[in-house]
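**Student:** I am attaching a structure below and will ask some questions about it afterwards.
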Amino acid sequence: MEAIWYKSELADEIIKNNDIFNQTQSIIADVVSGKLDITVLVENMAGVLTSKEVEDRERGMRFFTKILKEIPADYLTEMQIKFISKFYVDRLKDNHRVIPAVLEGYLSVIDMKHYNVQSSGEYLTALFREVACQSQVRQDRYNIYLTIQKLFGKNVEYMKTLGPDFVYGFISSMDGERDPRNLLFLFNFLPNFLSNIPLGHLVEEMFEVISCYYPIDFHPSPDDPAAVSRNDLAAVLCPCLCAIPEFAEHCLVLLIEKLDSNLRVAKIDSLMLLAASCKTFKYESYGPFLKALWSSLQRELTHKTDDELKLAAHEALSALVSKLSTKAETDQSFENFIKGILISMQSAIAESSTVIQFMEAVKILLTAANASKQSCVLIIKAMIPAILAYYEFKPLVKLQISCLDVLGDMYELADHWGLLDEMEKEVNEIPQLCLTAVSERVKDYQVSGFKTLIRVKNVLHIDLVLPFVEILIYNIQHSQDSEILSVCVETVHAIARKYPELIMTLVVKGKCDLENLTQDKTALQKRLDLLSNLASIDDFTKIIIEEMLKVITTNDEEASKVVKALSGSISNVSLYTEEKVAQIESDHGLISSIMAWLTKSILDESHESLNHGCTLISNTICSLPPEKQANILSKHSKAILEKCDSNEMYFLILECLYRSISPTIYDTNFKDIMGLALKLALNCENQLLRTKACCMVAHFLNKAQSGPNFEILNEVLKSYLTSCSRDNVNILPRLIELYGWITKALIMRGNDLFQFWLSKILISISTSECSVEASEAIKIIMTDSENCLNARHHCRTSLLYRQRMFQTFVNLTEKLGPPNSDSEEAFYLSWGYVLEKTPKSILNSQINKVTPLVIDALVYDNKELLKVMLEVLIHFVQSKNITVGHSLQTILPRLINLTTYVKCMDVRIKSLQCLYEIANSYQTRLLLPHKQDILIDLAPSLDDKKRLVRNMAVKARTRWYLVGAPGESKED
């Protein structure tokens, strides 16, 4: 029996039978197979398409549009598509109820492979003439915009030929659009459209249609699951307003007007628009507006409280200066503009009496100077002499120190733009001022003077080196201030890179003569630190390292100080690269020398000295390629293992040898070392050795390659723990500590076995005998360790391991249930360690689980726990968490009690901050009966933290008074 779609009765079937809409795939199959021509199909639908009833015509168009959407895009020929296109053009003249199906259907036509874009001219003409876009529903308007975008993307050259009528039609179609999603679509499309389609006499009309939305004043509905934000719209509107040079005059008038308004969001949007406009507008466009622009910019650049506004103003100034500088050689406007900035800011600097005022003006000048080479020349040439003069006339220490910092900034800008030769006279004055500053016996002057000298070292003249060195060495020999010592060493290092021979003469062979170095015990460690720092420079490496190793290998009584100095310097990766360390080891046998000293001194030296030696070996090994690491292990391991049998202290040497090896290395000693480490971790009475042993186990489990190597070590672990005796009363706390390191090693490498060990720790938390140790094990897992399980020592360090730990901790604690009363504090403390290191965004995923824990923890007398939980609570309050809002009756009394917590100032500060945030976030009036008592308790001294507490209390008290709960008056 022949299907209905082969007959003219199809029209009646469409009108009467909804089931026909479910048979479109069968119709398409017949069309594609050639049994049914699509033009015949249209003829068979004539009755429904030409019906006098609008509802019938609507059904007919929806039916045919459904077929077009489902038919393969490459099936219809160009002639068939042309026929259908003409058909849809005619339908645009139909009743408004038919239009939605026409708009949707033509989108499918455009997507056909053989669609000829030249058919679109007739469609667009009819569309703009017959369909009032803004009278349609949101989706239909979107389909109109999408049609234009798709046609534009197919053949922009053809779209240009449609002329002003097309442009006017497009302007009319979007004029008055209010839906945020449609606007987002339009604003994303418009810059491409505007930069390709000539607007002709319609420039002003187009700009007005776009600018009527500026600045965006829009607040999405709270019920919208996929809301478009105001910032989303503002970000895409901005490029539309400055898309083409023809918009320049209109745009600049608009943004100056909005900059002068009192609306903050309008100011920020206008500053962003000014910065963006500099990418498209012509240089000449800004000339008539420069005076007004600088006036507006200066006002926002000096805003006292709004940092976001100031930042936007700096970015706008930078963009404007950069744009104007493109014609600096041919137009006086640029120079006049820069000179205007200079005059304004020099006056501001001269009148400044505080560092804030001074730096505000300076930052404006630095922004302008950084924007272009031409502006840098004008500003830096004028300002270096001005700052030097300002230094002489300003007796305030902080202002003079600020001058030194600013001179360093200006030098670096001149260097950045390659202007040092051009500004030789000006920049050469800076080192002399640095010398003046460091000659003062005041720490702040010296620190700032040396730091600036380091920045400008390339213009340090040789005749100033000796005066600087005299002051530097005097400080190194006599100063006890760690900051001065550090900056002095850094300064000598900087000068040595420019004048290596002079520093060799004055310092290495002069003030710090290596041959007599250990004879003079005064300030020996500080001079050793300086020399080990200088050894990183190629010109000094050989002579300094050889002499230092000579002291070590002869086991001089001062050898430990040399080891300490080398360990400190080589640990500094900004001084010693891996290549440099590898070179020193290769040329001088550093590890063998330190190993020999450690082996001889292991029983005599302090733990601190031994640790310096072990760290030096570890950091040297981690810089070596795997093959060299393997050679060192084969050379030393067996002898040290044998010594461990006689004295467990030798394990320290063994641990530092293996701590930093590459994961690719595995030798026959691993099983023995693993067994020894487990034995020491559980049975040794020396806490340092136990910790080192736990770290060794963790390193082996973390680095061992998956497969046989890992399985062997894991089997050693399980076997030892199964067989070890539990008779020792100390074994359980030590086991739990070991579990912590094992869990950390496994979770950091992404091995699921960590859950087994973590569950053991959590079970221990619920027992009163070892709950404290179990919480410490959680701290081990969550806290970074300087010498264990980090990337420098080639450990696997998953970036997301803390997030995984948090999720697993949540799941396991739910399974195990609440702790008993004796271990509650340890339970909450464990949660504190987890929450402290978990990213706040991750906490939001379990907010209903975490919030009650945080609230309950506020009653415990543990300052570490309280600080963490208050920090998390503040985060939840700021995000206006509903659970917190419903629990305020419980939270507020606890927070009030904590404002007088005597053991920790930080707890008091955070509790006050939290109270203020609650009042701010929940619009809640807090009635506190003892506010004055809080202030009295916090008032005994005037240190910074206590001033902060009083300030926070004043803010909170003000907020408590001003903000009432919903439905209450301030008088209640």
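The values are calculated or read from the model by the stated rules, or taken from the named source; none is laboratory data. Source: prediction; values computed, not measured. Cβ coordinates were reconstructed from backbone atoms using ideal geometry, including for glycine residues, and neighbour counts include every protein chain displayed. Areas reflect the complete protein model, heavy atoms only, side chains present, ligands, DNA and RNA absent. Shrake-Rupley method; radii C 1.70, N 1.55, O 1.52, S 1.80 Å.
**Student:** Could you order the peptides 763-770, 40-47 from most to least packed, using the average number of other C-beta atoms within 10 Å per residue? The partial results should precede the final answer.
**Tutor:** Working: 763-770: 18.2, 40-47: 16.8.
The packing order, highest mean first, is 763-770, 40-47.
**Student:** Can I ask one more? From the P(r) of segment 736-829, could you give the percentage of C-alpha pairs in the tail past 16 Å?
**Tutor:** Working: 2265 of 4371 pairs.
Here the tail beyond 16 Å accounts for 52 percent of pairs.
**Student:** Turning to a different aspect of this structure: Run the accessible area of segment 110-202 with a 1.4 Å probe and give the carbon-and-sulfur part as a rounded percent. All intermediate terms of the calculation are to be shown ahead of the outcome.
**Tutor:** On the way: 1900 of 4130 Å².
Summing carbon and sulfur atoms, their accessible area is 46 percent of the total for segment 110-202.
**Student:** Can you tally the net charge around Thr767? Count Lys and Arg as +1, Asp and Glu as -1, for every other residue whose Cβ sits under 13 Å from the Cβ of Thr767.
**Tutor:** Working: positive: Lys760; negative: Glu769, Glu773, Asp822, Glu824.
After counting each charged neighbour, the total is -3.
**Student:** With only Lys, Arg, Asp and Glu charged, each at its Cβ (+1 for the first two, -1 for the last two), find how big the charge dipole of the chain is about the Cα centre; round to the nearest 20 debye. If you can, show how the numbers build up before the last one.
**Tutor:** On the way: 102 positive and 122 negative charges, 236 e Å.
It works out to roughly 1140 debye.
**Student:** Based on the alpha carbons, how large is the Rg to Rh ratio for segment 273-354 when Rh follows Kirkwood? Write out the running numbers ahead of the final one.
**Tutor:** Numbers: Rg = 13.3 Å, Rh = 13.5 Å.
Rg/Rh: 0.99.
**Student:** Alpha carbons only, please: Rg and Dmax for segment 769-888, in angstrom.
**Tutor:** Looking at segment 769-888, its Cα Rg and Dmax stand at 14.9, 48 Å.
**Student:** How large is Rg/Rh for segment 223-320, to two decimals, with Cα atoms and a Kirkwood Rh?
**Tutor:** Values: Rg = 13.8 Å, Rh = 13.8 Å.
Ratio value, two decimals: 1.00.
**Student:** A further question follows. First select every other residue whose beta carbon is under 14 angstrom from the beta carbon of Gln755; then total the charges, Lys and Arg +1, Asp and Glu -1. Working shown, then result.
**Tutor:** Values: positive: Lys744, Arg749, Lys760, Arg804, Lys815; negative: Asp752, Glu814.
Once all neighbours under 14 Å are counted, the net charge is +3.
**Student:** Stick to the Cα atoms of segment 62-125, pair each with every other, and give me the Kirkwood hydrodynamic radius in Å at one decimal. Could you put the intermediate results ahead of the total?
**Tutor:** On the way: mean 1/r = 0.0855 Å⁻¹.
This gives a value of 11.7 Å.
**Student:** While we're looking at this one, here's another question. Work from the charge dipole of segment 393-510 (Cβ charges, +1 for Lys and Arg, -1 for Asp and Glu, about the Cα centre) and give the residue of Pro431, Gln446, Leu460 farthest towards its positive end.
**Tutor:** Value computed over the given set: Gln446.
**Student:** Can you pull out the GluC sites (Glu not before Pro) in segment 312-412 whose DSSP state is coil and whose Cβ has at most 11 other Cβ atoms within 10 Å? Spell out each step's value before the answer.
**Tutor:** Numbers: sites: Glu315, Glu329, Glu335, Glu351, Glu360, Glu392, Glu412; in loops: Glu329.
Passing sites in segment 312-412 are Glu329.
**Student:** Mind jotting down the distance between the C-alpha centroids of segment 522-569 and segment 209-237, whole Å?
**Tutor:** Going from one Cα centre to the other spans 64 Å.
**Student:** Another question about this same structure. Accessible area per residue of segment 122-187 at 1.4 Å probe, in Å²?
**Tutor:** Values: 2910 Å² over 66 residues.
Normalised by residue count, the accessible surface of segment 122-187 is 44 Å².
**Student:** Tell me the relative contact order for the chain as a rounded percent, counting alpha carbon contacts under 8 Å between residues six or more apart.
**Tutor:** Numbers: 1119 pairs, mean separation 34.0, N = 972.
Across the chain, relative contact order equals 3 percent.
**Student:** So how do Arg802, Arg178, Arg497, Arg659 rank on accessible area, 1.4 Å probe, biggest first, that is with the largest at the start? Each step should come with its number before you reach the end.
**Tutor:** Numbers: Arg802 45, Arg178 200, Arg497 130, Arg659 0 Å².
Heavy-atom accessible area, descending, gives Arg178, Arg497, Arg802, Arg659.
**Student:** Apply the Karplus parameterisation 6.51 cos²θ - 1.76 cosθ + 1.60, with θ equal to phi minus 60°, to every residue of segment 47-62 and state each ³J(HN,Hα) to the nearest whole Hz, in sequence, with x for glycine and proline.
**Tutor:** Once rounded to whole Hz, the list reads x, 7, 6, 10, 4, 6, 8, 4, 4, 5, 5, 4, 5, x, 5, 5.
**Student:** In whole Å, largest first, what are the principal axis extents of the Cα atoms in segment 458-508?
**Tutor:** The Cα atoms of segment 458-508 stretch 28, 18, 16 Å along the principal axes, largest first.
**Student:** Can you pull the semi-axes for segment 536-593, root of five times each eigenvalue of the Cα gyration tensor, sorted largest first, whole Å? If you can, show how the numbers build up before the last one.
**Tutor:** Details: eigenvalues 69, 31, 20 Å².
After scaling each eigenvalue by five and taking roots: 19, 12, 10 Å.
**Student:** From the convex hull of the Cα coordinates of segment 817-910, what is the mean projected area in square nanometres?
**Tutor:** Working: hull surface 24.1 nm².
Result: a mean projected hull area of 6.0 nm².
**Student:** Another question about this same structure. Gap in Å between the Cα centre of segment 370-413 and the Cα centre of segment 73-108?
**Tutor:** Here the answer is 69 Å between Cα centres.
**Student:** So, one more: Dividing the Cα radius of gyration by the Kirkwood radius, what Rg/Rh value follows for segment 81-212? Can you show the working numbers first?
**Tutor:** Working: Rg = 14.0 Å, Rh = 15.0 Å.
Using Cα coordinates only, the ratio equals 0.93.
**Student:** Run through every distinct alpha carbon pair of segment 440-480 and return the Kirkwood hydrodynamic radius in angstroms, one decimal place.
**Tutor:** Roughly 11.0 Å, rounded to one decimal.
**Student:** When the scattering of segment 295-411 is computed by the Debye formula from its Cα atoms alone, each counted once and equally, what is log10 I(q)/I(0) at q = 0.20, 0.22 Å⁻¹?
**Tutor:** So the normalised log intensities are -1.10, -1.28.
**Student:** Let me ask another. For segment 725-778, report the accessible area per residue in Å² (1.4 Å probe, heavy atoms, rounded to an integer). Intermediate results must be reported in sequence, preceding the final value.
**Tutor:** Values: 2070 Å² over 54 residues.
So segment 725-778 comes to 38 Å² accessible per residue, rounded to a whole number.
**Student:** Go through segment 1-96 and name the trypsin sites (Lys or Arg not before Pro) that are in a DSSP coil and have 14 or fewer other Cβ atoms within 10 Å of their Cβ.
**Tutor:** Values: sites: Lys7, Lys16, Lys35, Lys52, Arg57, Arg59, Arg62, Lys66, Lys69, Lys82, Lys86, Arg91, Lys93; in loops: Lys7, Lys35, Lys52, Lys93.
Qualifying residues, ordered by number: Lys7, Lys35, Lys52, Lys93.
**Student:** With N denoting the number of residues in the chain, provide Rg(C-alpha) divided by 2.2 N^0.38 Å, to two decimal places. Display every interim value, and only then the final one.
**Tutor:** Working: Rg = 38.2 Å, N = 972, 2.2 N^0.38 = 30.0 Å.
Compared with the compact-globule rule of thumb, the chain sits at 1.27.
**Student:** On average, how much accessible surface per residue is there in segment 253-331, in Å², for a 1.4 Å probe, leaving out ligands, DNA and RNA?
**Tutor:** Numbers: 3830 Å² over 79 residues.
It amounts to 49 Å² per residue over segment 253-331.
**Student:** Provide the per-residue ³J(HN,Hα) series for segment 802-817, in order, calculated from phi with Karplus coefficients 6.51, -1.76, 1.60 and θ = phi - 60°, each as a whole number of Hz, with x at glycine and proline positions.
**Tutor:** 5, 4, 5, 4, 4, 4, 5, 4, 4, 5, 5, 5, 5, 5, 7, x
**Student:** Taking square-rooted eigenvalues a ≥ b ≥ c of the alpha carbon gyration tensor, is segment 369-415 rounded, prolate or oblate, where a/c under 1.5 means rounded and, failing that, a/b exceeding b/c means prolate? List each step's numbers first, then the result.
**Tutor:** Details: a/c = 3.50, a/b = 2.10, b/c = 1.67.
Prolate, since a/c reaches 1.5 and a/b exceeds b/c.
**Student:** Right, another one. Using 5 Å bins from zero, what percent of all Cα-Cα pairs in segment 560-655 falls into each bin?
**Tutor:** Cα pair-distance distribution for segment 560-655, in percent: 2, 13, 26, 25, 19, 11, 3, 1, 0.
**Student:** When the dipole is taken about the Cα centre of segment 545-628, and only Lys, Arg (+1) and Asp, Glu (-1) are charged at their Cβ, what size is it in debye, to the nearest 20? Display every interim value, and only then the final one.
**Tutor:** Details: 6 positive and 13 negative charges, 24 e Å.
Roughly 120 debye, rounded to the nearest 20.
**Student:** Are there trypsin sites (Lys or Arg not before Pro) in segment 414-480 that DSSP puts in a loop and that have at most 16 other Cβ atoms within 10 Å, and which ones?
**Tutor:** Working: sites: Lys425, Arg441, Lys443, Lys451, Arg455, Lys457; in loops: Arg441.
Of the trypsin sites (Lys or Arg not before Pro), the ones in loops of segment 414-480 whose Cβ has at most 16 other Cβ atoms within 10 Å are Arg441.
**Student:** Still on this structure, please answer the following. Computing the accessible area with a 1.4 Å probe over protein heavy atoms, can you report the carbon and sulfur percentage for segment 853-911?
**Tutor:** Details: 1230 of 2460 Å².
Roughly 50 percent, rounded to a whole number.
**Student:** Under the 0.36 nm per residue contour assumption, what length would be gained going from the current alpha-carbon distance of Val156 and Glu335 to full extension? Mind dumping the intermediate values first?
**Tutor:** Working: separation 179, 0.36 × 179 = 64.44 nm, distance 4.15 nm.
Taking Val156 through Glu335 to full extension adds about 60.3 nm, to one decimal.
**Student:** Under the rule of -39500 (n - 2.57) per DSSP H run of 4 or more residues, summed and divided by the residues of the chain, what mean residue ellipticity at 222 nm is obtained, to the nearest 500 deg cm²/dmol?
**Tutor:** Numbers: 52 runs with 667 residues, N = 972.
When only DSSP H runs of four or more count, the value is -21500 deg cm²/dmol.
**Student:** Could you tell me which of Val102, Ile81, Gln136 has its Cα farthest along the dipole of segment 31-147 towards the positive end, charges placed at Cβ (Lys, Arg +1; Asp, Glu -1), taken about the Cα centre?
**Tutor:** It is Gln136.
**Student:** In segment 596-662, if the dipole is taken from +1 on Lys/Arg beta carbons and -1 on Asp/Glu beta carbons about the Cα centre, which of Cys644, Ser601, Ile661 is farthest to the positive end?
**Tutor:** Farthest towards the positive pole: Ile661.
**Student:** Could you give the size of the charge dipole of segment 695-782 about its Cα centre, using +1 on the Cβ of each K and R and -1 on the Cβ of each D and E, expressed in debye and rounded to the nearest 20? Could you put the intermediate results ahead of the total?
**Tutor:** On the way: 8 positive and 8 negative charges, 37 e Å.
It works out to roughly 180 debye.
**Student:** Report ³J(HN,Hα) in whole Hz for each residue of segment 774-791, in order, from the Karplus equation J = 6.51 cos²θ - 1.76 cosθ + 1.60 where θ = phi - 60°; Gly and Pro get x.
**Tutor:** 5, 5, 5, 5, 5, 4, 4, 4, 8, 9, 5, 10, 5, 10, 8, 6, 10, 5
**Student:** I've got another one for you. Show His303, His96 ordered by accessible area, largest first, where the area counts protein heavy atoms only and the probe is 1.4 Å. Write down the numbers at each step before the final one.
**Tutor:** On the way: His303 60, His96 125 Å².
Output order, biggest surface exposure first: His96, His303.
**Student:** Taking 8 Å as the Cα distance limit and 6 or more residues as the minimum spacing, I'd like the relative contact order of segment 251-405 as a percentage.
**Tutor:** Details: 142 pairs, mean separation 28.7, N = 155.
Relative contact order for segment 251-405 comes out at 19 percent.
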